[in-house]
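Q: Pasting a structure here, questions to come.
The values are calculated or read from the model by the stated rules, or taken from the named source; none is laboratory data. None of these values were measured; they are calculated from a predicted model. We place every Cβ from the backbone using ideal geometry, glycine too, and count neighbours over all the protein chains shown. Surface accessibility is based on the protein's heavy atoms, side chains included, excluding ligands, DNA and RNA. Shrake-Rupley method; radii C 1.70, N 1.55, O 1.52, S 1.80 Å.
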Amino acid sequence: MSIYKIPLKYKPGEFLFHEIDTDEGDCLTLDYDSEYQLLTYNVPLYGGEARLYTVPRELMPEALTTVYDGNGDIEKVMLSGTRLLYIYFKNVMAPERVILKFVKAEADRVSDAIMKRKQTLARIFVEKFYDGEAVDIAAKTATAGEVQAVIDKYDGDVTVADNSGDFPIENRLALEYEALGVMLMCAGGLLRNRLFEKATETFVARVKSRVLKKIETTEDFKFIVEEYD
């Protein structure tokens, strides 16, 4: 187990781990298990433990980058400049604002991908999952031909057409779940489930508003939101 300390207060700018020359004062303490490539830390301000999996051992700690705002307060920690590992929320109102802005941008990306397919759709599903640690929100589409193929597979049972799990994984367009998971872990524990539901509602509303006016749909089209376990 290796321990890496990153000060919550430093100086304005963006710094690689080896460029930060102090670990005094209040710190974000990263516990890293190289055998399992597991990173854990206690969340400053809100408490609770964050756990991140598949953090490559060959990148630790050299690829850690910390961003500080103009006052020298920590904003976020990234891995290789792309993967979010930690984000600092200055008050209890900040998580919802940041998370919903992120979800709207992801919903726009997913919506654009659906529209670019230029298909006539019979179903759009939104699949969701959250267990307090792992999180997933995704859209999955199905054409009339795919719906009929599933019904035929189950000997004419039309109810299976409303089950997203029976349609190809290739039709699935997921929100960037790792970043959303970190944002939820860094929010207050009592807020997380509510924030997840709010994120899902925002994703659904955004996809509906952007996609349904611009695609062709069948007469029996359905937009279905379902939670899986």
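Q: Return the residue satisfying two criteria in turn: it lies in the range 107-121 and is among the β-branched types (Val, Ile, Thr) and surrounded by 18 or more Cβ atoms within 10 Å (Cβ to Cβ), and of such residues it is nearest to Glu227 (Cα to Cα).
A: Checked the range 107-121; the qualifying residue nearest to Glu227 (Cα to Cα) is Val110.
Q: A follow-up question, please. Give me the strands (runs of 3 or more DSSP E) completely within the range 1-68, filtered to those with at least 3 residues that are in contact (Cβ under 8 Å) with a residue 60 or more places away in the chain and either in contact with a helix residue (DSSP H, G or I) (Cβ under 9 Å, 6 or more places away or on another chain) or charged (D, E, K, R) (or both), ordered by residue number.
A: Fully inside the range 1-68 and qualifying: 49-52.
Q: Let me ask you something else. Among (1) of a type in the set (A, V, I, L, M, F, W, C); (2) out of contact with any helix residue (DSSP H, G or I) (no Cβ under 6 Å at 6 or more places or on another chain); (3) more than 23 Å from Asp131 (Cβ to Cβ), which single condition is Leu85 missing?
A: Leu85 satisfies every listed condition except (3).
Q: Hey, among Met78, Met60, which residue is open to solvent by less than 30 Å² (accessible area, probe 1.4 Å) and more than 18 Å from Ala179 (Cα to Cα)?
A: Checking each option against the conditions leaves just Met60.
Q: Looking at Tyr88, Tyr36, Tyr53 in this structure, which one is modelled with pLDDT of 95 or more, crowded, with 16+ Cβ neighbours inside 10 Å and farther than 30 Å from Val211 by Cβ?
A: Within the list Tyr88, Tyr36, Tyr53, the selection yields Tyr88.
Q: Any idea which residue in the range 15-28 is most open to solvent (accessible area, probe 1.4 Å), counting only those that are over 14 Å from Tyr88 (Cβ atoms) and either among the aliphatic types (A, V, I, L, M) or under 24 Å from the mean Cα position of the chain (by Cα) (or both)?
A: Leu16
Q: Let me ask something additional. Only one of Glu146, Glu133, Glu176, Glu197 is touching a residue at least 24 places away in the same chain (Cβ under 8 Å), out of contact with any Ser or Thr (no Cβ under 7 Å at 6 or more places or on another chain) and under 13 Å from Ile99 (Cβ atoms); which?
A: Glu176
Q: Among the listed residues Lys214, Lys208, identify the single one that is charged (D, E, K, R), touching a helix residue (DSSP H, G or I) at 6+ places or on another chain (Cβ under 7 Å), surrounded by fewer than 16 Cβ atoms within 10 Å (Cβ to Cβ) and at negative phi.
A: Lys214
Q: While we're looking at this one, here's another question. Which number in (1) touching a residue at least 40 places away in the same chain (Cβ under 8 Å); (2) part of a loop (DSSP other than H, G, I, E, B); (3) polar (S, T, N, Q) marks the one condition that Asn91 misses?
A: So Asn91 meets the others, but not (1).
Q: Looking at the range 144-191, which of the residues that are among the β-branched types (Val, Ile, Thr) and open to solvent by 60 Å² or more (accessible area, probe 1.4 Å) is nearest to Leu84 (Cα to Cα)?
A: Ile169
Q: Would you mind finding the one in Glu96, Glu106, Glu75 that is free of Cβ contacts under 8 Å to residues at least 40 places away in the same chain, outside any loop (DSSP other than H, G, I, E, B) and more than 19 Å from Ile3 (Cα to Cα)?
A: Sole residue among the options that is free of Cβ contacts under 8 Å to residues at least 40 places away in the same chain, outside any loop (DSSP other than H, G, I, E, B) and more than 19 Å from Ile3 (Cα to Cα): Glu75.
Q: Moving on to the next point. Please determine, by comparing only the residues of the range 122-143 that are in a strand (DSSP E or B) and over 14 Å from Leu173 (Cβ atoms), which one is most open to solvent (accessible area, probe 1.4 Å).
A: Per the stated criteria, the residue is Phe129.
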